[in-house]
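J.: Have a look at the structure that comes next, please.
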Amino acid sequence: MNATPKSLIIDEWIWHDLSGENGEVKLEEAFKFLEFVYEKCDKIATIEDSKFEKKFFSFCERSDLISRKITNFYKTYIFYNSEKYVRVNEKDCQQISEDISSKIKPDDQYLVKLYYKLQCPIITTDNPLLEILGNHQIQCEHRDNFLPNYIGEENRTRKNT
């Protein structure tokens, strides 16, 4: 479907959405996003043992039926699929400048390191982080702006085929 697969850096909002913490609508949007990443041949990128992965492994411990189904989908179609999941060792990333690292929480710095390594957009819900990244010309977008466009793009593609 997607002519040029792209990698996306997603922070932990997805695990909060998928757990239902932000309501049913956000849960459904987040799951649609995962389905579209798989169908569009795009990728989710992260750093090994990052906050993103730790939240994922914590999510995997949930025992309710919906969470188990989401975990199975994510593991099967994304996490264990090297064409869908880019996992970078932090040692392979350059250090970020003091100018930016002093402004970003330590547990969010992996996002910037990964951005410099892969040059792909960061999708977040952290407004202060978005402002800092934008001020440093780092490609980023708020989840609430990105998802409707991403999912909407897919829906338009499906209707035209």
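Every number in this text was worked out from the coordinates using simple rules, so none of it is lab data. The model shown is predicted, which means the values in this text are computed figures rather than measured ones. When we count neighbours, we look across all protein chains shown, and the Cβ atoms used for this are built from the backbone with ideal geometry, even at glycine.
J.: Amide H of residue 140 versus every other amide H placed in the peptide plane: which residues, excluding those fewer than 5 positions away on the same chain, fall under 5 Å?
T.: The answer is 122.
J.: Order these by the 10 Å Cβ neighbour count, fewest first: 73, 52, 57, 146.
T.: Fewest-to-most ranking of 73, 52, 57, 146: 57, 73, 146, 52.
J.: Quick check on the exposure proxy: order 74, 150 from fewest to most C-beta atoms within 10 angstrom.
T.: Placing the least packed residue first, the sequence is 150, 74.
J.: Shifting gears a bit: Order these by the 10 Å Cβ neighbour count, fewest first: 9, 132.
T.: So the residues, fewest neighbours to most, are 132, 9.
J.: For each pair in 32/117; 6/91; 32/103, compute the distance between the two Cα atoms and list the pairs where it is over 30 Å.
T.: 32/103
J.: If you don't mind, another one. Along Cα→Cβ, 7 Å out, is where each label goes; now give me the distance between the ones at residue 107 and residue 142 in nm to one decimal.
T.: 2.3
J.: Still on this structure, please answer the following. Where the convex hull is taken over the Cα atoms of segment 7-160, what is its projected area averaged over directions, in nm²?
T.: Projected area, direction-averaged: 9.2 nm².
J.: List the residues of segment 34-58 whose backbone N lies under 18 Å from a point placed 7 Å from the Cα of residue 83 along the Cα-to-Cβ direction.
T.: Answer for segment 34-58: 34-45.
J.: Right, another one. For the charge dipole of the chain, defined by +1 on Lys and Arg C-beta atoms and -1 on Asp and Glu C-beta atoms about the Cα centroid, which residue among 102, 132, 145 has the Cα displaced farthest towards the positive pole?
T.: Of the options given, the answer is 145.
J.: Which residue fluctuates the most in the chain, going by a Gaussian network model with Cα springs under 10 Å, if the choices are 124, 76, 46?
T.: Ranking 124, 76, 46 by mean-square fluctuation puts 76 first.
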